[in-house]
Amino acid sequence: MADVGADRVTVRELASAAGVPNGTIYHAFGSLGAVLARTWLRAANDFLDLQRELADRAKTGAEDPSAAVVAAALAPAEFAERRSAAARMLLTVERDRLLGPRLPAELADELIGIDARLVSLLVGLSETVWNRRDGAAVEVMTTCVVDLPSALLRGALTGAETRPVPQRLRERLAAAVRAVLTVPPPPLPRRPATTRKQPTTKD
């Protein structure tokens, strides 16, 4: 799926690669869509596990809170060294393309639930850096952990040849993340002061 895309994968190809009859695939998973969704989910959950592990490790004992954000941003490069095909699939196969009317409801819920895991990480990083969990702060974290890695690492991770992400590219990404973090999110709006109504007394 990482090499040809979800739309071009067939049950026959999967069965041939696994060395089993076509019926075995249908019996085990129910449909081609379920196979693809399970494969993508396994990779996504493994990646998010690693990303949180790296962020937590960087945060422990670090004087600079941005270290955890940098570690989370560099997680795709680390994941690609361990599972290059899975990393390439996560970058090239959009989750929404796996959703469809024939996909079992529980699988669809799991795919959508991936967002909750990512948001939880982003909120945690925002609290670490700014002690904030509002939308503006999380948006900055999204830039650092999602947008910048996708833009800077996509070429290296989706190329035909499987190679580690160059150190210079990792350093460039880390520098970009730190630069973004130097501009904090806008201050939270002040809540209007409330005046307590004085009780009226009868003469």
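The values are calculated or read from the model by the stated rules, or taken from the named source; none is laboratory data. Note that the structure is predicted; figures quoted are calculated from it, not measured. Note that we place each Cβ from the backbone using ideal geometry, even for glycine, and neighbour counts take in every protein chain shown.
When the range 126-151 is examined, which residues are found to be closer than 14 Å to Leu74 by Cα and not acidic (Asp, Glu)?
Met141, Thr142, Thr143, Cys144, Val145, Val146, Leu148, Pro149, Ser150, Ala151
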Flag if Leu54 is out of contact with any Gly (no Cβ under 8 Å at 6 or more places or on another chain), surrounded by 13 or more Cβ atoms within 10 Å (Cβ to Cβ), hydrophobic (A, V, I, L, M, F, W, C) and under 23 Å from Leu148 (Cβ atoms)
yes
The residue that is nearest to Asp147 (Cα to Cα), considering only those in the range 96-109 that are in contact with a helix residue (DSSP H, G or I) (Cβ under 6 Å, 6 or more places away or on another chain) and surrounded by 16 or more Cβ atoms within 10 Å (Cβ to Cβ), is Leu98
Could you tell me whether any residue of the range 62-69 is surrounded by 17 or more Cβ atoms within 10 Å (Cβ to Cβ), part of a helix (DSSP H, G or I), in contact with a Gly (Cβ under 9 Å, 6 or more places away or on another chain) and not hydroxyl-bearing (Ser, Thr, Tyr)?
yes
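Residues checked against (1) touching a helix residue (DSSP H, G or I) at 6+ places or on another chain (Cβ under 6 Å); (2) modelled with pLDDT under 90:
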| residue | (1), (2) |
| --- | --- |
| Ala6 | yes, yes |
| Val9 | no, yes |
| Asn22 | yes, yes |
| Arg57 | no, no |
| Asp64 | no, no |
Taking Arg132, is it among the basic types (Lys, Arg), in a helix (DSSP H, G or I) and buried (at least 16 other Cβ atoms within 10 Å of the Cβ)?
no
Check the range 155-165 and report whether any residue there is more than 21 Å from Ala58 (Cβ to Cβ), part of a helix (DSSP H, G or I) and within 14 Å of the chain's Cα centre (by Cα).
no
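Okay, residues lined up against (1) modelled with pLDDT of 95 or more; (2) of a type outside the set (S, T, N, Q); (3) surrounded by 13 or more Cβ atoms within 10 Å (Cβ to Cβ):
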{"residue": "Cys144", "(1), (2), (3)": "yes, yes, yes"}
{"residue": "Thr158", "(1), (2), (3)": "no, no, yes"}
{"residue": "Glu161", "(1), (2), (3)": "no, yes, no"}
{"residue": "Pro166", "(1), (2), (3)": "no, yes, no"}
{"residue": "Glu171", "(1), (2), (3)": "yes, yes, no"}
{"residue": "Ala174", "(1), (2), (3)": "yes, yes, yes"}
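When you check Val183 against the structure, is it surrounded by 19 or more Cβ atoms within 10 Å (Cβ to Cβ), on the phi < 0 side of the Ramachandran plot and assigned to a loop (DSSP other than H, G, I, E, B), yes or no?
Numbers: surrounded by 19 or more Cβ atoms within 10 Å (Cβ to Cβ): no; on the phi < 0 side of the Ramachandran plot: yes; assigned to a loop (DSSP other than H, G, I, E, B): yes.
For Val183, the condition - surrounded by 19 or more Cβ atoms within 10 Å (Cβ to Cβ), on the phi < 0 side of the Ramachandran plot and assigned to a loop (DSSP other than H, G, I, E, B) - is not met.
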Given the conditions (1) at pLDDT 90 or above; (2) part of a helix (DSSP H, G or I); (3) surrounded by 16 or more Cβ atoms within 10 Å (Cβ to Cβ), which single one is not true for Gly33?
(1)
